[in-house]
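Some notes on the structure that comes next.
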Amino acid sequence: MDMMGRVGLVEIPVLIAPDQKAWMDRMIKEGKIAIPPGGTLEKGSLYSMFIRMLLHNAMEEQRRQEALEQADEDEE
């Protein structure tokens, strides 16, 4: 996935708990969920970027774990 937005996106409904939404709103208000340099985004876009980054990080970690498991298997 290209984090610069060069990949087509699909829309899915996402349900989160009220306290999670309140936390995200607070992070956006405090500027702790980064807006790209020189840009302004709607709050919905910031939610989307945050969730996409979480998914990207999870996918990277899964690939890393799979590579470690494969290396362990190769050593046996």
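The values are calculated or read from the model by the stated rules, or taken from the named source; none is laboratory data. From a predicted model like this one, the values you see are computed outputs, not experimental measurements.
Looking only at residues in region 27-63 that are more than 17 Å from the chain's Cα centre (by Cα) and modelled with pLDDT of 80 or more, the one that is nearest to LEU9 (Cα to Cα) is LYS29.
Considering only residues in region 1-26 that are outside any loop (DSSP other than H, G, I, E, B) and acidic (Asp, Glu), the one that is modelled with the highest pLDDT turns out to be ASP19.
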